[in-house]
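Enquirer: Sharing a structure below in structure tokens format, with a few things to ask.
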Amino acid sequence: MIGSEIIEEYDLENISIATLGSHSALQILKGAKELGFRTVVICKKGREEVYRRFRVADRIIVLDEFIDVMKPEILEKLKEENAIMIPHGSLIAYVGVENIKKLELPIFGNRILISYEGDRKLEREWLTKAGLRMPKEFKDPKEIDRLVIVKFAGAKGGRGYFLASSYDEYKKKVDELLARGKITEEDLKTSTIQEYVFGVNMYFSYFYSPINDEVEFFGIDRRYETNVDNIGRIPARDQLNTNIEPSYVVVGNFPLVARESLLPKILEIGDNVVEISKKIAYPGLIGPFCIETMITDRLEIIAFEISVRIVAGTNVFTQGSPYSYLLYGDNVSMGKRIAMEIKRAVEENRIKDIVT
Ligand code: ADP
């Protein structure tokens, strides 16, 4: 619990909100400023202009690489600012879950759960305990008996994923990808073979407030993925000629609302996931999280991943989402919701309940 020890040395009157300059930093910083916090952005050289131009950062710290945030002199600067670090996808991708566990700064959220990210086994245990259905996994490719999606771990970001309906097809595609140097034997070892779920994507974002002890449903997005989202524009006969494979590289997000009859289930999912989180890594979830799902034509919700921090999909709701509007009125982004929680925690002397 490094963060809650460090925060004892902080001047709570002068807390600042810090984040890496990437992912969802704009809304995090903007939300913090709206609540009256000082803001600090830690940028990679060349990216600082974004935060200057949008006037969201009171201080910009420029690094050669994001990983340099681990350096003692940078941590010292952040401690001088009484900075609370807001984690997001780029912190996980570029600093890494092992370093996040050791980061000598108070982190908004539960750093143990954050370290689950990318570990499909731990995620599966958690989500199934919470009663969620997940796609069937095939440990042995020889058992493939239906359409499957083969996923590679880490920074591949949906590139190189492929579909297969049988072991022969799987083998043929793997051999081809290996021969072309698109994947390595190591990638293959850490890959996952999952039943392909027919349906549409919905990414549900929630916020668990330890201060109110309540799970708030924040909003829904879907991703815009190249090239899969446009393959349908190519007639099937031409697809055959080009031998095209789908890829799932995220380039943006769309806002969504769910039909209202899905809401009871969506709320229940959030509640269950929070309840189980308290059992697996006390104090459990803190703040934003997102459950990535597929909805089938029988209205089944099948989950395939969880993110234990703000997701970039909430960037579509800088001015608030249809659901945050119901709870808070206008202009409450996820970034601002985080700042609201920190402000209340400071006022009620409960800051240790929201950082680790
Ligand atoms: P991430 O990029 O967050 O790790 P995934 O790799 O799990 O996400 O998924 C990337 C894309 O593949 C998403 O569009 C998702 O909808 C799709 N996808 C993932 N798993 C399945 C599945 N089991 N069935 C159908 N589509 C899937």
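Enquirer: What are the ³J(HN,Hα) couplings of segment 222-229, residue after residue, when phi is run through the Karplus curve with 6.51, -1.76, 1.60 and θ = phi - 60°? Round to Hz, x for glycine and proline.
Expert: 10, 8, 9, 10, 9, 9, 4, 6
Enquirer: Determine the order of 11, 187, 221 by accessible area, beginning with the largest, at a probe radius of 1.4 Å. Write down the numbers at each step before the final one.
Expert: Details: 11 65, 187 35, 221 5 Å².
So, going from the largest accessible area down, we get 11, 187, 221.
Enquirer: If you don't mind, there's one more thing I want to ask. When only Cα pairs under 8 Å and 6 or more residues apart are kept, what is the percent relative contact order across the chain?
Expert: 21 percent
Enquirer: Let me ask you something else. Counting each pair of different Cα atoms once, what's the Kirkwood radius of the chain in Å, rounded to one decimal?
Expert: 21.5 Å
Enquirer: How much length would be gained if the chain were fully extended between residue 14 and residue 50, taking 0.36 nm per residue of separation minus their Cα-Cα distance, in nm to one decimal?
Expert: Full extension of this stretch gives 10.4 nm more.
Enquirer: Continuing with this model, one more query. Residues of segment 299-325 with the amide nitrogen closer than 16 Å to a label point 7 Å from the Cα of residue 268, along Cα-to-Cβ, please.
Expert: Under cut-off, by backbone N: 299-303.
Enquirer: What's the local net charge at residue 350, with K and R +1, D and E -1, over the other residues with C-beta under 15 Å away?
Expert: Net charge in that neighbourhood comes out at -4.
Enquirer: Now a separate question. Taking H placed 1.01 Å from N in the peptide plane, check which residues at least 5 places from residue 16 or on another chain put their amide H under 5 Å from its amide H.
Expert: Amide H neighbours of residue 16, under 5 Å, 5+ apart: 83, 84.
Enquirer: May I ask for the net charge around residue 2, where only other residues with Cβ less than 9 Å from the Cβ of residue 2 are counted and Lys, Arg are +1 while Asp, Glu are -1? Before the final figure, lay out the partial values.
Expert: On the way: positive: 101, 102, 111; negative: 5, 104.
Surrounding charge for residue 2 is +1.
Enquirer: If you don't mind, there's one more thing I want to ask. So how long is each side of segment 141-195 along the principal axes, counting just the alpha-carbon atoms, biggest first, in Å?
Expert: Ordered largest first, segment 141-195 gives principal extents of 28, 20, 16 Å.
Enquirer: Sorted by packing (mean other beta-carbon atoms within 10 Å per residue), highest first, where do 24-34, 102-112 land?
Expert: Ranked by mean Cβ neighbours within 10 Å, highest first: 24-34, 102-112.
Enquirer: Given H placed 1.01 Å from N in the peptide plane, which residues other than close sequence neighbours of residue 133 have an amide H under 5 Å from its amide H?
Expert: Correct list: 303.
Enquirer: Return P(r) of segment 24-182 (all Cα-Cα pairs; 10 Å bins starting at 0; whole %; ordered from short to long distances).
Expert: Computed distribution, short to long bins: 9, 28, 26, 19, 14, 4, 0.
Enquirer: Let me ask something additional. Give me the Kirkwood hydrodynamic radius of segment 171-326 in Å, from all C-alpha pairs, to one decimal place?
Expert: Answer for segment 171-326: a Kirkwood hydrodynamic radius of 18.0 Å.
The values are calculated or read from the model by the stated rules, or taken from the named source; none is laboratory data. Here the structure is a predicted model, which is why all the values come from computation and not from measurement. We place every Cβ from the backbone using ideal geometry, glycine too, and count neighbours over all the protein chains shown. Note: accessible area is taken over every heavy atom of the protein model, side chains too, but ligands, DNA and RNA are not part of it. Shrake-Rupley method; radii C 1.70, N 1.55, O 1.52, S 1.80 Å.
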